[in-house]
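**Student:** Below are the structure tokens for one structure; questions will follow.
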Amino acid sequence: MTTVTQCLRRAEELVESDSARLDVEVLLTHVFNVDRAWLYSWSDRVLDAAQLEQFEALFQRRLNGEPVAYITGEKEFWSLPLAVNFSTLIPRPDTELLIEHALVLPLPENARVLDLGTGTGAIALALASEKPNWQITAVDVSPEAVALAACNARNLEASNVRVLQSDWFGALRGEVFDLILSNPPYISENDEHLNQGDVRFEPATALVSAKQGYADLEKIIEDSGLYLNAGGWLVVEHGFQQGEKITALMRDNGFVEVSLHQDLGGNDRASMGRKNGY
Ligand code: GLN
């Protein structure tokens, strides 16, 4: 007989995880289809044979290093439950920084907004949940990501989000927006961080960019001017050591009111600027 408490104790086997206890809690909530509080009210509950088998299978995957979000197929972002799969990056709490900043920008009531490289749709759907009047376009180059983001949009009934396949601005010629956001790939291909933890399981296309991680950010900053209304805003996530170059690049490309912002860990993580000429 194996109880919830006994399962929770197995957290000690997850020596490589820095969130071992939470990992096991989340796996158990998935097995029982309950919330975490339930685990504490029912800690003596015995797992039946099917539940035990399922828990063991999920736990083994975690022991192999697979991210919890891929194992459960779900990750919360901005309090929204999002489906995730191997085709996209797992949404990070740090990316909520972009949402916080975007929500307080001076923008029209019916702002036209673009999320470049949407992945699960996290940025677009978080904004849609807060601003039902915004008209939001979410694009991704990967057809699997487009399908996933569209599925998340349907599940969340985000009728003001349209999801398109597009290689950055490729499918958007002639369109203009009031706000463009992106969490593009920005890790250098020889960064040792790529061999550690959750990122080992995430698609390299969502993580790695040429030119020491700058190629995609450069393209986005250089091309955004064409797709922004005068006075429109560009908000991008970037690496913790990239802030100085990214803000300089924004200024070189004619952006004004450029600012750099820190994530929850106090690291430079996002930059934004405004298209001149308003
Ligand atoms: N912030 C992520 C990490 O360091 C990378 C996200 C990205 O490349 N856009 O794991």
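**Student:** Test each condition in (1) hydroxyl-bearing (Ser, Thr, Tyr); (2) farther than 22 Å from Pro91 by Cα; (3) within 16 Å of the ligand (Cβ to nearest atom) for Ser224 and report the one that comes out false.
**Tutor:** Just one mismatch for Ser224, condition (3).
**Student:** Next up: Would you mind listing the helices (runs of 4 or more DSSP H) fully within segment 1-71 where at least 2 residues are surrounded by 13 or more Cβ atoms within 10 Å (Cβ to Cβ) and touching a Lys or Arg at 6+ places or on another chain (Cβ under 8 Å)?
**Tutor:** In segment 1-71, the matching helices (runs of 4 or more DSSP H) lie at 4-9, 20-32.
**Student:** Related question: What are the pairs, 6+ residues apart or on separate chains, where a residue within segment 184-213 that is over 24 Å from Lys75 (Cα atoms) has its Cβ under 7 Å from a residue that is modelled with pLDDT of 95 or more and among the hydroxyl-bearing types (Ser, Thr, Tyr)?
**Tutor:** As it stands, the answer is Ser209/Tyr186; Gln212/Ser188; Gly213/Tyr186; Gly213/Ser188, since those pairs meet every condition given.
**Student:** Let me ask you something else. Which pairs have Cβ atoms under 8 Å, sit 6 or more apart or on different chains, and link a residue in segment 46-75 that is farther than 15 Å from Leu8 by Cα and at pLDDT 95 or above to one that is in a strand (DSSP E or B) and of a type in the set (D, E, K, R)?
**Tutor:** Cβ pairs passing all conditions: Ala69/Lys75.
**Student:** Answer with yes or no whether Ser182 is under 22 Å from Ala210 (Cβ atoms) and at pLDDT 95 or above.
**Tutor:** For Ser182, the condition - under 22 Å from Ala210 (Cβ atoms) and at pLDDT 95 or above - is met.
**Student:** Taking the options Glu189, Glu202, name whichever one is within 16 Å of the ligand (Cβ to nearest atom) and either farther than 19 Å from Thr95 by Cβ or exposed (fewer than 14 other Cβ atoms within 10 Å of the Cβ) (or both).
**Tutor:** The unique qualifying residue is Glu189.
**Student:** Residues to consider are Leu114, Leu98, Leu107, Leu80; find the one that is of a type in the set (A, V, I, L, M), in contact (Cβ under 8 Å) with a residue 40 or more places away in the chain and closer than 27 Å to Leu27 by Cβ.
**Tutor:** Leu80
**Student:** Just the residues that are out of contact with any helix residue (DSSP H, G or I) (no Cβ under 8 Å at 6 or more places or on another chain) and of a type in the set (Phe, Trp, Tyr), please, taken from segment 200-231.
**Tutor:** Correct list: Tyr227 only.
**Student:** Consider only pairs whose beta carbons are under 7 Å apart and that are at least six residues apart or on different chains; among these, list those whose first residue lies in segment 255-278 and is in a strand (DSSP E or B) and whose second residue is aromatic (Phe, Trp, Tyr).
**Tutor:** Cβ pairs passing all conditions: Asp268/Phe240; Arg269/Phe240; Met272/Trp233; Gly273/Phe255; Arg274/Trp233; Arg274/Phe255; Lys275/Phe255.
The values are calculated or read from the model by the stated rules, or taken from the named source; none is laboratory data. As the structure is a prediction and not an experimental result, all values here were calculated from the model. Neighbour counts run over all protein chains shown; Cβ positions are idealised from the backbone, glycine included.
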